[in-house]
1. Quick check, is Val105 surrounded by fewer than 18 Cβ atoms within 10 Å (Cβ to Cβ) and within 11 Å of the ligand (Cβ to nearest atom)?
2. Every residue in region 212-251 that is more than 22 Å from Gly132 (Cβ to Cβ) and touching a Gly at 6+ places or on another chain (Cβ under 9 Å), please.
3. If Pro28 satisfies every condition in (1) within 13 Å of the ligand (Cβ to nearest atom); (2) assigned to a loop (DSSP other than H, G, I, E, B) but one, which is the exception?
4. For Arg42, state whether it is closer than 14 Å to Thr110 by Cα and open to solvent by 70 Å² or more (accessible area, probe 1.4 Å).
5. Being over 12 Å from the mean Cα position of the chain (by Cα), aliphatic (A, V, I, L, M) and open to solvent by less than 40 Å² (accessible area, probe 1.4 Å) narrows it down to one of Ile165, Ile115, Ile111, so name that one.
6. Could you look through region 5-14, keep only residues that are open to solvent by less than 80 Å² (accessible area, probe 1.4 Å) and away from the ligand (no atom under 13 Å from the Cβ), and pick out the one that is farthest from Pro56 (Cα to Cα)?
7. Of all the helices (runs of 4 or more DSSP H) wholly in region 204-282, which have at least 2 residues that are of a type outside the set (Ser, Thr, Tyr) and at pLDDT below 95?
8. Can you give me the number of residues within region 137-148 that are surrounded by fewer than 21 Cβ atoms within 10 Å (Cβ to Cβ) and within 14 Å of the chain's Cα centre (by Cα)?
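The values are calculated or read from the model by the stated rules, or taken from the named source; none is laboratory data. The shown structure was predicted, so the numbers you read here are calculated from the model rather than taken from an experiment. Note that each Cβ is placed from the backbone with ideal geometry, even for glycine, and that neighbours are counted across all protein chains shown. To get the accessible areas, we keep the full protein, side chains included, count just its heavy atoms, and leave off ligands, DNA and RNA. Shrake-Rupley method; radii C 1.70, N 1.55, O 1.52, S 1.80 Å.
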Amino acid sequence: MSNSTGLWRPTSVEEAVRLLADEPDAKPISGGATLVAMINARVLEPQMLVSLADIPEIRGIAVLADGRIRIGAFTRHRETAACELPLGASRVVPHAASQIANATVRNMGTIGGSISFADPGLDYPPALVAAGAEVEVAGVGGRRTLRAEDFFLDWYTTALEPGEIVCAVLLPRPAGGTGYYLKHARVVGDYATASVAAAVNGAGGWRVAVGGCGPCPLHSDAVDELLSRDRSDAALADAGAQLQELADPLDDVRGSADYRRLLIPRMLATAVKTVQNDSGAK
Ligand SMILES: Cc1cc2nc3c(=O)[nH]c(=O)nc-3n(C[C@H](O)[C@H](O)[C@H](O)COP(=O)(O)OP(=O)(O)OC[C@H]3O[C@@H](n4cnc5c(N)ncnc54)[C@H](O)[C@@H]3O)c2cc1C
């Protein structure tokens, strides 16, 4: 027996979310890097796909009137990686994009599709949390904006309500500083076994987040405050131990839970020292 899937190509966010509301079995499709593989494997058999490819509003990177940077949900990883705007601490985001998979996947996948899927080994989630980014989402009831740390809720689970889509990622108005994304993977092109995103702004405010070591990026205000005051070896060890406490890693093909826990303090120290050297921060 064959099964055919309908494809709709709305040209506005409002039209897309109306289609998704009218057909609860419909799925939005962006780059298709993940979704098409799932359909091919028959993990999903949606009756209708709502392509987000023809919505100009969610494509590309722009500077908003208030200075924030808006990355449209349909922006490909390749475009984000190549962003040359002065981003300050948010430089960690293009740096993470440049380490996603390989050139083929970076040409195909989008930031909206990536964060909506919320695999714990993805590269964007810790980078967005370290950058202090927000996520703009839309549904038939209108739009709302969430902090990145409130968007990722659990394994493969986000704060998106049924029928909502990601419209954009919003990076804070650049205020100097820089950021760095350190990824540890079995081979180049694989998802992260563990990763650390570290960012400092021009006023010396640090934010760090860990990926691959739990259902969501690990982040702690107390660790950010500690690192903003002190980046001695003792402070880095303390920060690493605090993040280890938050970790809830799995044993899987990319590494054991114990191995991931061991990586956290070592990778944190490397990432923070790299940002420090790059930014000239003491
Ligand atoms: C071989 C391979 C290796 C990879 N390696 C890495 C890696 O190292 N690091 C990494 O971070 N990622 C990796 N990925 C994932 C890659 O980044 C995908 O691009 C990403 O997961 C999905 O993006 P997409 O635009 O293709 O989304 P799609 O495949 O189109 O959609 C993915 C899911 O999100 C939903 N969706 C799509 N767009 C939206 C939206 N705007 N709002 C709400 N829901 C939406 C879809 O319904 C679907 O459930 C890899 C993927 C592959 C195939």
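1. So Val105 fits the description; yes.
2. Across region 212-251, the qualifying residues are Asp248, Pro249, Leu250.
3. Checking Pro28 against (1) within 13 Å of the ligand (Cβ to nearest atom); (2) assigned to a loop (DSSP other than H, G, I, E, B), the one that fails is (2).
4. Judged against the criteria, Arg42 is not a match.
5. The conditions single out Ile165.
6. Gly6
7. In region 204-282, 257-279 are the helices (runs of 4 or more DSSP H) which contain 2 or more residues that are of a type outside the set (Ser, Thr, Tyr) and at pLDDT below 95.
8. Selection size over region 137-148: 2.
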